[in-house]
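*Asks:* I am attaching a structure below and will ask some questions about it afterwards.
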């Protein structure tokens, strides 16, 4: 795998996460829905993996992952239109940001 990213694909669960961590990559990219139980388990795994500097989680709607994230990026048509803490995004008065928020809430 090129670079320093381990990718966990759609529909994969805990075993795939463990395999991705075993690759000892700096960043994990999770492109899969994760329920709250698995997310809680992930926190413990990441504590035991100090080489992981960041986790990028792709979601299509607001869920527990978005609410727990330090930084959220809103995308429209494949481009990031804004990013920041979720509460800051909710308070934005920019029309494009508000339009994107209406689609994910």
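*Asks:* So, in nm, how far is label residue 83 from label residue 27 when the simple model puts each one 7 Å beyond its Cα toward the Cβ?
*Replies:* A separation of 0.7 nm, rounded to one decimal place.
*Asks:* What FRET efficiency, computed as 1/(1 + (r/R0)^6) with R0 = 22 Å and r the Cβ-Cβ distance, is obtained for residue 66 and residue 16, rounded to the nearest 0.05? The partial results should precede the final answer.
*Replies:* Numbers: r = 21 Å, r/R0 = 0.97.
That gives a FRET efficiency of 0.55.
*Asks:* Moving to a separate point now. Quote to one decimal, in nm, the extra length available between residue 40 and residue 91 on full extension: 0.36 nm per residue of separation minus the C-alpha distance between them.
*Replies:* Full-extension gain reported as 15.6 nm.
None of the figures in this text is laboratory data; all of them are computed from the coordinates on show. Note that the structure is predicted; figures quoted are calculated from it, not measured. So basically every Cβ, Gly included, is an ideal-geometry build from the backbone, and we count neighbours across all protein chains shown.
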